[in-house]
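Undergrad: This structure is in C-alpha cells; I'll ask about it shortly.
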C-alpha cells in the first residue's frame, strides 16, 4: 500500500501509474476531487489497484480524518510519497511585503508532509516496517535565486527527514530524499524561459520515485544539484557570484511583480540593457556544461 500526495497531476499522477504497474495498491491524496477520480479510473482501466481520497494536507483535521478512513479501509500504509508541493518564483526584493508567500509554501511543502509522516509513524512502528519518499528539489543543493520560499521549505523537510531517519532506523522505518531536477509540469509553467537546467518528463520523475520505493536509497540526486552542493562546500564565494549573475540574467516575471505586460522594470535588468555590447551572463551555460561531468549521486 503506497500513499501518494498530489496524486492527481504531474509527478504524482505519473508515479501513481508507475507504482500501480509494479503491483502496489496506490492510495492517492489530492485537493481536486474530479482530477483525482479521473486518475483512479485511468489506473483501474490499466488493471491497477487505486483509491482516491480528496484531502487538503494543510488542514490538520482533514488529514486526521483521511488517515483514519484509509487505515479503516486498508488496514495499513507501507510507504508514503510526499509529492504534493507549491513553488513560488519571486525575488526577495519583490517579497518584502509578501510574508504570506513563505507561510503558504511552508504549509504545503513542510508542514503538510510532516503532518502525514507523523500520522503514519505509529502504525509503521507497530508493523516494524515503513518507508517514506520525500520529493525535494535540486534547488536545495544549489540554492537557486528567486526561490527562497520554495528552497527554504524543502530544506526544512530535508533537515527533518535526516534527523528523524536516525531515530526510526531500529523500528524498520526508512527514508529516501529525491532532489528532483525540473520536471515538465504545470508548476514550472509560470517561470517560462527562466527555468534553468535540464527539464525531465513526469514519467522520468516517476521512474526515480519507483527506484526510491524499491531500492530505498538514502537519497537520489541530480548532477546539477550535486555540482551546486560541491560549489557550496568548496567555493561558496565563487558560487554566490555565479548565482548572482544568474539572478541578474533572469529577472522576475511580470506576473510575479503584478505587471500585465512583458516589459521588466527591475533595476538590474534595465541597467544591463542600457550598457552597449553587454551580453547575457554565460554562468548558467557554464554550469550546465560542468554538470554533465558530474554524475548524479545514488546513495
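Nothing in this text is a laboratory measurement; each read-out follows from the coordinates by a stated rule. The structure presented is a predicted model; accordingly, all values stated were derived computationally and were not measured. Ideal geometry is used to build each Cβ from the backbone, glycine not excepted, and the neighbour counts take in all protein chains shown.
Undergrad: What is the Å³ per residue value for the convex hull set by the Cα atoms of region 2-222? Mind dumping the intermediate values first?
TA: Values: hull volume 25.9 nm³, N = 221.
Each residue corresponds to 117 Å³ of Cα convex hull volume.
Undergrad: Given a Förster distance of 30 Å, report the FRET efficiency between residue 126 and residue 44 from their Cβ-Cβ distance, rounded to the nearest 0.05. Intermediate results must be reported in sequence, preceding the final value.
TA: Numbers: r = 30 Å, r/R0 = 1.00.
Once rounded, the FRET efficiency stands at 0.50.
Undergrad: Cut-off is 10 Å between beta-carbons; in what order do 183, 214 appear when sorted fewest neighbours first?
TA: Values: 183 21, 214 11.
Ordered by Cβ neighbours within 10 Å, fewest first: 214, 183.
Undergrad: Just to be sure I understand the curve: with the Debye formula and one point per C-alpha of region 1-112, what is log10 I(q)/I(0) at q = 0.09, 0.11, 0.15 Å⁻¹?
TA: -0.27, -0.38, -0.65
Undergrad: Now, a different point. Report the FRET efficiency, 1/(1 + (r/R0)^6), for residue 69 and residue 92, where r is their Cβ-Cβ distance and R0 is 45 Å, rounded to 0.05. Each step should come with its number before you reach the end.
TA: Details: r = 41 Å, r/R0 = 0.91.
Working from the Cβ atoms, E equals 0.65.
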